[in-house]
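Asker: Before we start, here is the structure in question, set down as structure tokens.
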Amino acid sequence: MSTVDYSKYTLDELFDVRANIDKEAHPENYKALLTELDNRKEEVEALTEKRQEEFIFSIENRLKILGWLQLATSLGFAIVCIYSAFGTQTIVNVMVDSVLAIFNGLAGYRLLMCKRYGFELSYINQIFQLVTINTGSFFFSYSGLCSFIVGIGNGVFVKFSVFSPGFGVFVGENLGQFSVGIDLVAIFFLIVLNSCSELGLLSKTDNKINSTPGRSEVD
């Protein structure tokens, strides 16, 4: 006979017990637990539905935030591109800024609209922004709308910028002393993307694409 009165437990407490109970050591308690859950079947279903709605709401909000941030970065590079076109920058600079504006716009749009490759493009985008390095003969830096870089050069340095997207690659001599930095903003976005993936966002995106009437496999 069960020694526990599960009728006084909340659903969360019942779920916790079900996840941790030793069925072999306490078979009567386990049987009583299942009976109590069955008695509260409607309540369990209502709570499950509520949490599923919260789960979907959380996913959609993360999508919107990440999508709009990349679209804003795209606009930033577009503005830089216009200034470069009418300034003293070379045609190469204008082309690079144009490509980055299109790339950020595409990544942001596809992520925002739950379209295929939105995650992949966003991952690639943030990975490229992750490291800024200068070896003295090679320099690489790529930042989006906002960056917070912590690194090592002539000591530890911290660099913060906002509303100033930029990209630079240089190869040559005497480019300065060695330094390497990590963009904490890029790390944050990568963590958010990864958490969305773990929550099931990728599978939900594929289901949304595949379930849309008249939609081809490759959008």
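Asker: Is it the case, given these coordinates, that Ile133 is assigned to a strand (DSSP E or B) and farther than 23 Å from Asn194 by Cβ? Even if it seems obvious, please write down each step before you answer.
Answerer: Values: assigned to a strand (DSSP E or B): yes; farther than 23 Å from Asn194 by Cβ: yes.
Spelling it out, Ile133 is indeed assigned to a strand (DSSP E or B) and farther than 23 Å from Asn194 by Cβ.
Asker: Take region 13-43 and flag every residue that is hydrophobic (A, V, I, L, M, F, W, C) and within 31 Å of the chain's Cα centre (by Cα). Don't jump to the end; show me each part of the working.
Answerer: So in region 13-43, the residues hydrophobic (A, V, I, L, M, F, W, C) come out as 14-15, 17, 19, 21, 25, 32-34, 37.
Result: Phe15, Ala19.
Asker: Of the residues Ser98, Ser58, Ser122, Ser74, which single one is under 25 Å from the mean Cα position of the chain (by Cα), within 22 Å of Ser141 (Cα to Cα), open to solvent by less than 80 Å² (accessible area, probe 1.4 Å) and touching a residue at least 40 places away in the same chain (Cβ under 8 Å)? Break it down into steps so the answer makes sense when it comes.
Answerer: On the way: Ser98 fails: touching a residue at least 40 places away in the same chain (Cβ under 8 Å); Ser58 fails: within 22 Å of Ser141 (Cα to Cα); Ser74 fails: touching a residue at least 40 places away in the same chain (Cβ under 8 Å).
Answer to the selection: Ser122.
Asker: Further question: Given the condition touching a helix residue (DSSP H, G or I) at 6+ places or on another chain (Cβ under 7 Å) and modelled with pLDDT of 90 or more, answer yes or no: does some residue in region 75-88 qualify? Break it down into steps so the answer makes sense when it comes.
Answerer: Going through region 75-88, the residues touching a helix residue (DSSP H, G or I) at 6+ places or on another chain (Cβ under 7 Å) turn out to be 77-78, 80-81, 84-85.
In the following step, the residues that additionally are modelled with pLDDT of 90 or more were identified as 77-78.
Checked against the condition, which is being touching a helix residue (DSSP H, G or I) at 6+ places or on another chain (Cβ under 7 Å) and modelled with pLDDT of 90 or more, region 75-88 yields at least one hit.
Asker: Follow-up question, since we're still on this one. Taking only region 134-163 into account, find how many residues are loosely packed, with under 12 Cβ neighbours inside 10 Å, touching a residue at least 24 places away in the same chain (Cβ under 8 Å) and within 24 Å of Leu66 (Cβ to Cβ).
Answerer: 1
Asker: Hey, any hits in region 33-40 for a residue that's closer than 30 Å to Gly168 by Cα and of a type in the set (Val, Ile, Thr)?
Answerer: First, pick out the residues of region 33-40 that are closer than 30 Å to Gly168 by Cα: none.
No, region 33-40 contains no residue that is closer than 30 Å to Gly168 by Cα and of a type in the set (Val, Ile, Thr).
Asker: If Ser179 satisfies all but one of (1) in contact with a Leu (Cβ under 9 Å, 6 or more places away or on another chain); (2) surrounded by 16 or more Cβ atoms within 10 Å (Cβ to Cβ); (3) of a type outside the set (Asp, Glu); (4) farther than 24 Å from Ser98 by Cα, what's the number of the condition it fails?
Answerer: Tallying (1) in contact with a Leu (Cβ under 9 Å, 6 or more places away or on another chain); (2) surrounded by 16 or more Cβ atoms within 10 Å (Cβ to Cβ); (3) of a type outside the set (Asp, Glu); (4) farther than 24 Å from Ser98 by Cα, Ser179 fails exactly one: (1).
Asker: Of the residues that sit in region 22-37 and are more than 16 Å from Asp5 (Cβ to Cβ) and of a type outside the set (Lys, Arg), which one is most open to solvent (accessible area, probe 1.4 Å)?
Answerer: We begin by selecting, within region 22-37, every residue more than 16 Å from Asp5 (Cβ to Cβ); these are 22-25, 27.
Checking the rest, the ones that are also of a type outside the set (Lys, Arg) come to 22, 24-25, 27.
Working: Asp22: 78, Glu24: 161, Ala25: 61, Pro27: 72 Å².
Filtering first and then ranking leaves Glu24.
Asker: Got a sec? Which of Ile152, Ile182 is modelled with pLDDT of 95 or more and either assigned to a helix (DSSP H, G or I) or under 21 Å from the mean Cα position of the chain (by Cα) (or both)?
Answerer: Numbers: Ile152 fails: either assigned to a helix (DSSP H, G or I) or under 21 Å from the mean Cα position of the chain (by Cα) (or both).
Every option except Ile182 fails the conditions.
Asker: Moving on to the next point. Considering only residues of region 109-119 that are under 19 Å from Ile65 (Cβ atoms) and among the charged types (D, E, K, R), which is surrounded by the most Cβ atoms within 10 Å (Cβ to Cβ)?
Answerer: Per the stated criteria, the residue is Arg110.
Asker: Scan region 12-21 and tell me whether some residue there is surrounded by 14 or more Cβ atoms within 10 Å (Cβ to Cβ), under 29 Å from Val192 (Cα atoms) and among the hydrophobic types (A, V, I, L, M, F, W, C).
Answerer: yes
The values are calculated or read from the model by the stated rules, or taken from the named source; none is laboratory data. Note that the structure is predicted; figures quoted are calculated from it, not measured. So basically every Cβ, Gly included, is an ideal-geometry build from the backbone, and we count neighbours across all protein chains shown. Areas reflect the complete protein model, heavy atoms only, side chains present, ligands, DNA and RNA absent. Shrake-Rupley method; radii C 1.70, N 1.55, O 1.52, S 1.80 Å.
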